[in-house]
Amino acid sequence: FNVNASLSDEDSIRVYLTFVDEIEAVGNYVSGTFRSMLDQLDDGIVAVDNLGRVIYTNRRFLKMMNVKHAVGLYLKDLVDLYDNKNRVVNLEFPLEANIYSYLWLGKKRRSVIELVINEMRESDGFIIGYLLNFRDMSVRENRELEALEFAYKDAQTGVYNRHYLNELILDLESKQTSNLGVVMVDCNALKVVNDAFGHDLGDAVIAKTADILWKSKGNLDSVIRLGGDEFLVLKRN
């Protein structure tokens, strides 16, 4: 409600209560810059009232659910949740603030998600609804893989670096891998190229060498820049 009060006379106050629909209230609150920020998240964000009716979503949630709109619909009609034993999970209201890992079955694809539930409270502590965060775990895994890929790659040439080599040696030792071939490669007279034509051309020679080695490797081979103009090619059958 919107509340307005005024003096009626010396002994009384007149109070006006105007009902404001929950969807309109939340929609007015989540606006402008804040709404734009939520739309940029990789997580699906949805706010529901105490009965489970959707009162706000960001764009990612709509994309995850493959729907054009969800406000006014009930969460149970949009989301199918399953546990790790493929049993249906019903979100019973009132909800409890918690973090859950479920197997979520969408209309288009099956995804493992992490569901974070938070209560939405007014200043007096009254619960007016819940904010649910649907985190697609495949997105997190892809980001972690991208981070590892970035850490293991040489920035100048795009082949693997010494950090990758150290991790590879540990992996090969743990698996007691044998039957390996090692090829050491360097660029002859690189110092002459740098002195005569400049370091930009020298860098181009290193990059071209790395490119030739990478295109010549087999599916299981690894091309690693040890530093400067030195490369190592690890060949596996």
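Just so it is clear, none of the values below were taken in a lab; they were calculated from the coordinates. Only a predicted model underlies this, so the values are computations on that prediction, with no experimental measurement involved. So basically every Cβ, Gly included, is an ideal-geometry build from the backbone, and we count neighbours across all protein chains shown.
Relative to one another, the C-alpha centroids of region 186-207 and region 156-172 are positioned 24 Å apart.
For the chain, the relative contact order is 12 percent, taking Cα pairs closer than 8 Å that sit 6 or more residues apart in sequence and dividing their mean separation by the residue count. Legend: distances between Cα atoms for Lys153/Lys191; Lys175/Lys208; Lys63/Lys153; Lys175/Lys235; pairs beyond 26 Å are Lys175/Lys208; Lys63/Lys153.
What full-extension length gain, to one decimal in nm, is calculated for Asn166 and Val112 as 0.36 nm per residue of separation minus the Cα-Cα distance?
Length gained, Asn166 through Val112: 16.2 nm.
Length gained on full extension, Tyr82 to Ser36: 13.5 nm, using 0.36 nm per residue less the C-alpha separation.
The label-point distance for Lys217 and Val3, in a model that sets each label 7 Å from Cα toward Cβ, rounds to 6.8 nm.
Measuring gaps between exposed loop sites in the chain (chymotrypsin sites (Phe, Trp or Tyr not before Pro); DSSP loop; at most 10 other Cβ atoms within 10 Å), the longest gap, sites not included, is 127-237. For Leu73 and Ile99, the FRET efficiency from 1/(1 + (r/R0)^6), where r spans their Cβ atoms and R0 equals 30 Å, is about 0.80.
Estimated purely from DSSP H runs of n ≥ 4, each contributing -39500 (n - 2.57), the mean residue ellipticity at 222 nm for the chain is -10000 deg cm²/dmol once divided by its residues. Loop sites here are trypsin sites (Lys or Arg not before Pro) outside DSSP states H, G, I, E and B with no more than 11 other Cβ atoms within 10 Å. The longest part of the chain free of them is 1-67. Once the chain from Glu119 to Lys175 is taken as fully extended at 0.36 nm per residue, the excess over their C-alpha distance is 15.3 nm. For the chain, a simple Cβ point-charge model (Lys and Arg +1, Asp and Glu -1, everything else neutral) yields a dipole of about 1320 debye relative to the Cα centre.
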